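A short write-up of the structure that comes next.
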Amino acid sequence: MRDLAAVIPKTGLAGLKAHWCNDVLSGFLVFLIAMPLCLGISMASGFPPSAGLITAMVGGLLVSRISGSFVTINGPAAGLIVVVLAAVQSLGEGDAMAGYRYTLAAIVVASIFQILLGVFKAGRLSSFFPASVVHGMLAAIGIIIMAKQLHVVMGTAPEKGSSLISTILQIPHSFINLNPEIALIGFTGLAILIAWSMVKNRWLKMIPAPLIVVLVGIGLGRFFDLEHEHMYLFLPDATFFTAS
């Protein structure tokens, strides 16, 4: 058996001197992935973008210090978008700022319960829930996210107050009435994510695919001048829709 001391990584200044090169590279790659992810999930949850950055810094600097683990993976969970957004909308009752503040208060209370569960070693209770329940919940969250984001990718929006079933049934209508420029940006990003997973070059694989999607999306948005209102004319003297 290998010596246990050789397996456990060094900590403190000794670990920094021994692994600083790898730490800098891995930290930079995590930063490239986490920053746009935190901004996107924060905005999708009904929070201001700054909340995503603050959460990332607290998770990376504070949680990593007090977790007691040599290796940590901290980051926003996309599955929480549905829960947090519903909390902002329901607690605020139409007032986004009030909903944001009430949701923050609810998160603080939930965190206290989570700490107490950790103190009393209540994590073992998870063994009472079958894996199929967890898989079903994650699948449902994925369906909800895809059903809502498909309209965004095509530059449209479902009817306000629509249920999940109604949102899914409106997808064909969004395909028919899509915004060509926004749809091009969305499907180009999706194509990049799929194609990047097939790249074999290890140097190219070091560049996160989401970062490339963000840069390409920003470039195409500037090229199409999406910041200003304009009209799309497909036939002479025939206006189909406008976009802003």
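A straight chain from residue 135 to residue 57 at 0.36 nm per residue would run longer than the Cα-Cα distance by 25.1 nm. Extension gain for residue 216-residue 83 works out to 44.9 nm (0.36 nm per residue, less the C-alpha to C-alpha distance).
Using a Förster distance of 51 Å, how high is the FRET efficiency between residue 202 and residue 109, based on the Cβ-Cβ distance and rounded to 0.05? Could you put the intermediate results ahead of the total?
Working: r = 46 Å, r/R0 = 0.90.
Efficiency, rounded to the nearest 0.05: 0.65.
Given R₀ = 22 Å, what would the calculated FRET efficiency be for residue 157 paired with residue 101, taking r from the Cβ atoms and rounding to 0.05? For R0 = 22 Å, the calculated efficiency reads 0.30.
Tell me, in nm to one decimal, what length is gained between residue 171 and residue 122 on full extension, where the rule is 0.36 nm per residue of separation less the Cα-Cα distance?
Working: separation 49, 0.36 × 49 = 17.64 nm, distance 4.21 nm.
Extending this stretch completely gives an extra 13.4 nm.
With a Förster radius of 30 Å applied to the C-beta separation of residue 90 and residue 193, the computed FRET efficiency comes to 0.40.
Just so you know, all these numbers are worked out from the coordinates, no wet-lab data involved. Please read all numbers here as calculations on a predicted model, not as lab measurements. Neighbour counts are summed over all protein chains in view; Cβ atoms, including those assigned to glycine, are modelled from backbone coordinates with ideal geometry.
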